[in-house]
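These notes concern the structure reproduced below.
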Amino acid sequence: MERQTTISKDIKFRGHLKFDHTVKIEGFFQGTIESLGNLIIGPSGEVEADIKTKNLEHYGKLKGNIIAENKIILRKNSLIRGDLSCKDLEVESGSKFTGTCIMD
């Protein structure tokens with residue numbers, strides 16, 4: 001069973017976040033994120049960060065540039081402002097994306 005850590009709605013965190021499993025952000029985070037695992041930004045999550053991760057699943061609000069080793073998923077009602085780099089991109093109807101995307 002894969003480990004998952006959650007930064008809950010009532011948490012505001014600033015700094016450098018580094019992990020190698022799955023982290024779900026439901027609160028506020030500002031800084032940089034570096035991960036060998038998976039990042040989930042939940043519906044109540046607000047993130048202002050440049051991100052390097054294996055996979056990103058996004059439901060909330062995100063401002064920053066994202067480099068994903070594999071896949072980025074933008075779920076319905078998500079908002080993202082920044083540039084994306086990934087191998088696979090999934091965009092659900094109702095999500096909003098402002099930026100550029102490079103898929104290698």
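The table for this structure:
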| item | result |
| --- | --- |
| Flag for residue 60 being touching a Leu at 6+ places or on another chain (Cβ under 7 Å) and either touching a residue at least 40 places away in the same chain (Cβ under 8 Å) or not aromatic (Phe, Trp, Tyr) (or both) | no |
| Residue match in region 10-31 (condition: touching a His at 6+ places or on another chain (Cβ under 7 Å), surrounded by 14 or more Cβ atoms within 10 Å (Cβ to Cβ), in a strand (DSSP E or B) and not aliphatic (A, V, I, L, M)) | yes |
| So residue 86, is it modelled with pLDDT of 95 or more, on the phi < 0 side of the Ramachandran plot, of a type in the set (A, V, I, L, M, F, W, C) and surrounded by fewer than 19 Cβ atoms within 10 Å (Cβ to Cβ) | no |
| Qualifying residue in region 21-37 (condition: out of contact with any helix residue (DSSP H, G or I) (no Cβ under 9 Å at 6 or more places or on another chain), closer than 17 Å to residue 103 by Cα, modelled with pLDDT of 95 or more and of a type in the set (Asp, Glu)) | no |
| Those strands (runs of 3 or more DSSP E) lying entirely in region 53-104 with at least 2 residues among the hydrophobic types (A, V, I, L, M, F, W, C) and within 13 Å of the chain's Cα centre (by Cα) | 66-74, 79-81, 84-86 |
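The values are calculated or read from the model by the stated rules, or taken from the named source; none is laboratory data. Computed from a predicted structure; not experimentally measured. Backbone-built Cβ (ideal geometry, glycine too); neighbour counts: all protein chains shown.
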